[in-house]
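Here is the structure we will look at.
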Amino acid sequence: MKSNIYMSLLIALITVLLFSEKSFSQNTHSNNHLNLTPLQIDNLIQGVKSGNDGLCNSAIYFVGRYRLQKATNALVNVLLDKGKSRWTRIYAALALHEVADNRSINDIKKVSLVEDDLIVKNICAAIYLDFLDRFPFASK
């Protein structure tokens, strides 16, 4: 039992480290790193909403990579959708972490408190704690 908890925490730590701010902070341009058009942004949002797991995961990655605030509602919907795969929900939480939206981070906190899936719960808890470390003023 304890080894399962330690394994989940280890996976959470590794995942947060892989997707930490350092890996995304190499590009120092504005919020819209590639000067994406509104159509391209809408396509990414539609990809996040897609029922195709591969497309959804790729779109989630790019939304987090480019920190697209406009896509936070779609990411929150994926995070809260228990019908989605465990890893798709975790990718959505990581993308929300990168977007760093105070409202959506509360959804990550909620998942970390009430989620049935132990891996999703622990990783969301680690993401939430990392967010508080990055933005201590957001703890209120």
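Using 18 Å as the cut-off for backbone N distance, which residues of the stretch 104-122 belong to the label zone defined by a point 7 Å from the Cα of SER85 along Cα→Cβ? Output list for this probe position: 117-121. Averaging the Cα positions of each part gives two centres, and for the stretch 39-66 and the stretch 87-140 these lie 19 Å apart.
Looking at the stretch 69-136, the accessible area is 44 square angstrom per residue; that uses a 1.4 Å probe and ignores ligands, DNA and RNA.
Counting only protein heavy atoms and a probe of 1.4 Å, the accessible surface of the stretch 58-140 is 53% carbon and sulfur.
In a shell of Cβ-Cβ distance under 13 Å around LYS84, excluding LYS84 itself, what net charge do Lys and Arg (+1) and Asp and Glu (-1) give?
Neighbour charge sum, excluding LYS84 itself: 0.
Sequence-ordered 3J(HN,Hα) estimates for the stretch 93-106 from the Karplus curve with 6.51, -1.76 and 1.60 and θ = phi - 60° stand at 5, 5, 5, 4, 4, 6, 5, 6, 8, 4, 5, 6, 5, 5 Hz, glycine and proline given as x. Put a dot 7 Å past the Cα of ASN77, heading toward its Cβ, do the same for LYS49, and the two dots end up 0.5 nm apart. Charged neighbours of VAL111, selected by a Cβ distance under 13 Å, balance to +2 (K, R count +1; D, E count -1).
Our estimate of slack between LEU36 and LEU132, defined as 0.36 nm per intervening residue step minus the Cα-Cα distance, is 31.6 nm.
The values are calculated or read from the model by the stated rules, or taken from the named source; none is laboratory data. Computed from a predicted structure; not experimentally measured. Reconstructed Cβ throughout: ideal geometry from the backbone, glycine too, with neighbour counts over all protein chains shown. The area values use the complete protein model at the heavy-atom level, side chains included, leaving out ligands, DNA and RNA. Shrake-Rupley method; radii C 1.70, N 1.55, O 1.52, S 1.80 Å.
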